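Undergrad: One structure is given below, represented as structure tokens, and several questions about it will come after.
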Amino acid sequence: MENLKYTRFKQRFQNFEKAFIQLKKAVIRADELDELSKEGLIQRFEYTFELSWKTLKDYLEYETEEAILSPRQVIKTAFKLELLDNGEYWLEMLNKRNLMAHTYNEDYFKQVFESIINLYFSQIEKLYEQLKEMSYE
């Protein structure tokens, strides 16, 4: 069972890595993006965030042998185990991702875009680097 959990983590990490690389490409060019491309960046953030917490969930379940169900529980557990250095930002990302999926407001859209560029991307990048090391152990 342990091998299966590790294999699942590695497979999920590969998908997370692909999404992260695509998000990074967009973030690097953020100053050049038109409105449609900014919407694309936000969508890349949404699915990269989704894969980040699910990859973290798989890793935690492999390491702790406990079933962790919700994204909020994954974030809190990962923060407690010092896999995330800022649990507040991760909970904020979760809330904003959920709101963006259900509402559209131009001012809110701009605020989320700026948050992705200035705060959230660096948090996802730190997690990516940590999980990358763990996936090669």
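The values are calculated or read from the model by the stated rules, or taken from the named source; none is laboratory data. If you're wondering where the values come from, they're calculated on a predicted model, not measured in any experiment. Glycine gets a Cβ as well: all are built from the backbone with ideal geometry, and neighbour counts include every protein chain shown.
Undergrad: Of all residues in region 1-11, which are surrounded by 13 or more Cβ atoms within 10 Å (Cβ to Cβ) and either among the hydroxyl-bearing types (Ser, Thr, Tyr) or assigned to a loop (DSSP other than H, G, I, E, B) (or both)?
TA: Tyr6, the sole residue that qualifies.
Listed here are the residues, each with its yes/no results for (1) at pLDDT below 95; (2) under 25 Å from Gln11 (Cβ atoms); (3) touching a Ser or Thr at 6+ places or on another chain (Cβ under 6 Å); (4) surrounded by 20 or more Cβ atoms within 10 Å (Cβ to Cβ).
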position	(1), (2), (3), (4)
Asn105	yes, no, no, no
Asn118	no, no, no, no
Lys132	yes, yes, no, no
Glu137	yes, yes, no, no
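Undergrad: Quick one: which of Lys80, Lys57, Lys38 is among the basic types (Lys, Arg) and under 15 Å from the mean Cα position of the chain (by Cα)?
TA: Working: Lys80 fails: under 15 Å from the mean Cα position of the chain (by Cα); Lys38 fails: under 15 Å from the mean Cα position of the chain (by Cα).
That would be Lys57, the only listed residue that is among the basic types (Lys, Arg) and under 15 Å from the mean Cα position of the chain (by Cα).
Undergrad: Could you run through region 60-73 and say how many residues are under 13 Å from Phe9 (Cβ atoms), part of a helix (DSSP H, G or I) and either under 12 Å from the mean Cα position of the chain (by Cα) or of a type outside the set (Ser, Thr, Tyr) (or both)?
TA: 3
Undergrad: Name the residue, out of Leu84, Leu99, that is surrounded by 12 or more Cβ atoms within 10 Å (Cβ to Cβ), in a loop (DSSP other than H, G, I, E, B) and in contact with a helix residue (DSSP H, G or I) (Cβ under 8 Å, 6 or more places away or on another chain).
TA: Just one listed residue meets the conditions, Leu84.
Undergrad: Mind listing just one residue for me: the one in region 12-32 that is surrounded by fewer than 16 Cβ atoms within 10 Å (Cβ to Cβ) and either hydrophobic (A, V, I, L, M, F, W, C) or modelled with pLDDT under 95 (or both) and, of those, farthest from Leu84 (Cα to Cα)?
TA: Ranking the qualifying residues of region 12-32, first place goes to Ile28.
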